[in-house]
1. Would you kindly state how much longer the chain becomes between D10 and T115 on full extension, computed as 0.36 nm times their sequence separation minus their alpha carbon distance, in nm to one decimal?
2. Step through the residues of segment 64-75 one at a time and calculate ³J(HN,Hα) from phi using the Karplus curve (6.51 cos²θ - 1.76 cosθ + 1.60, θ = phi - 60°), rounding each to whole Hz and writing x for Gly and Pro.
3. Given R₀ = 30 Å, what would the calculated FRET efficiency be for S106 paired with F126, taking r from the Cβ atoms and rounding to 0.05?
4. Highest mean first, how do 64-72, 122-130 rank when packing is the count of other Cβ atoms within 10 Å averaged over residues?
5. At what distance in nm do the modelled label points of S65 and L133 sit from each other, each positioned 7 Å from its Cα along Cα→Cβ?
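Derivation of every value follows stated rules applied to the coordinates shown; laboratory data play no part. Because the structure is a prediction, the values reported are computed rather than measured. Note that each Cβ is placed from the backbone with ideal geometry, even for glycine, and that neighbours are counted across all protein chains shown.
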Amino acid sequence: MAVERLKSCDNIVALSKELGVHRRLLYKWRDQLEPMEDGEGPPAKEYCYGTISSNGGPTSFQAVSATVAGGFGPTNITVTAYNNGTYVGSSFYSLSTQMQTLNFPSSWGNITQLTFQIPDGGDLVFYDLSAYLLGG
């Protein structure tokens with residue numbers, strides 16, 4: 001098993017090359033399995049990401065709001081804004097299964113990417129995005 005070999009390995013780079021996987025993936029597998037092996041509970045949560053970006057379109061946009069709902073049940077999401085790869089800000093929202101509008105901070109200004117992070121088991125239904133298209 002790859003994780004067992006990782007635990008006794010002196011050279012993670014060589015092991016990752018031998019197995020044909022990136023070393024980060026080995027560490028991820030180890031971190032997921034260790035809590036279960038130690039009896040500490042389930043592995044760390046996985047997150048699902050969705051991204052909206054201005055690739056191929058205008059140079060930037062200003063996100064105003066999004067109309068969304070939790071899919072099969074209430075969930076929490078984190079929306080993070082970037083401008084050309086540089087972190088601009090994040091906002092946390094709690095969602096119900098009812099449609100609701102998320103208003104994004106105007107302090108984010110011009111951005112090129114919005115990332116929606118949903119925790120393990122969460123669902124997001126995306127109905128609409130309101131943004132001002134800038135540049136081009």
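1. Answer, rounded to one decimal: 34.1 nm.
2. For segment 64-75, the Karplus curve yields 9, 7, 9, 9, 9, 8, x, x, 8, x, x, 8 Hz.
3. Result of the calculation: an efficiency of 0.90.
4. Ranking, from highest mean packing down: 64-72, 122-130.
5. The answer from the label model is 2.1 nm.
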